[in-house]
Every structure is written in structure tokens, then in C-alpha cells.
Amino acid sequence: MNKMKKPRKTLLVGVLGLLLCVSCYYDQEVEEVIPDIPIDEPISFQEDIQPLFVLAGRDCTTCHDGSIANPDLREGNAYDAIVPELVVAGDAASSAFFTGLPGNDHPIEAGFRLTVDEIALIRSWIDRGAEDN
């Protein structure tokens, strides 16, 4: 009878160890899903995208002002600074501007991130042709 208890204990310890290792996998940060913007909702660069660069608590133009870091995101300069150099109109996934956004791959040195809704808005604007409207 003692011979039967040892294999059970060994099996139990092995299964518990495996469960602990697998459970650690789920402790990783969960990636946020970027929502879709309804196609019938118009997106304007001047009214929707440009204001994202300067919001309460966030001012991208502190660094992206034409002297410290590129691109220059100041009003009146931003569109020409990012399109077509950093934006592939119609393809956000291939656009360095989109993939480098705070919240994507942009260094978060300034201490802020774009929200998933703001990222979705920029993605939709690029995917819809990145018009200067």
C-alpha cells in the first residue's frame, strides 16, 4: 500500500508544479484591444487628430516642436511633417507614425500615453486615407 501512495504524491506534486508554471503565464500584462471607429463617423485631421497632440496633461509639442524631436507636431506643421514621410495612407499598420504612438512603441519618457480610443481614431484616420481635412 505504501508503494501506491508514493506515485500518487509524485504525480500530485508534478501536476501542481505544472499548474503553477502555467498560471504565471497569465500574470503578464493584457494587451488592450483597439476598438473600431464606425465608418460613417467622419474623421478630420484638423478637428480630431491635431488636437490629440496637445491635451490637458499632455503636450507632444514639448519635444516634437521642430527642434528637439521629429516629427514637428505643432499646429500648422504636423500634417506635412507626418504625411507621407511617416504615414502610409490607407495602411496604419505599415505607418511609422501609428506604430510609434505613445501606447504603441513610443518611449513613454514624457509620462503619458494615448488612450485606446485616441489610438483607434488615429488608426482609422490613416486607414481611411490620411486626408488633410
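The values are calculated or read from the model by the stated rules, or taken from the named source; none is laboratory data. Since the structure is predicted, the reported quantities are computational estimates derived from the model, not experimental observations. Cβ: placed from backbone, ideal geometry, glycine included. Neighbour counts: every protein chain shown.
Here are some notes:
- Scanning region 93-120 for residues that are surrounded by 14 or more Cβ atoms within 10 Å (Cβ to Cβ) and at pLDDT 95 or above yields one hit, Ser95.
- Extreme residue, surrounded by the fewest Cβ atoms within 10 Å (Cβ to Cβ), among residues of region 47-67 that are touching a helix residue (DSSP H, G or I) at 6+ places or on another chain (Cβ under 8 Å) and among the aliphatic types (A, V, I, L, M): Val54
- Restricting attention to region 21-48, the residues being modelled with pLDDT of 75 or more and hydrophobic (A, V, I, L, M, F, W, C) number 4.
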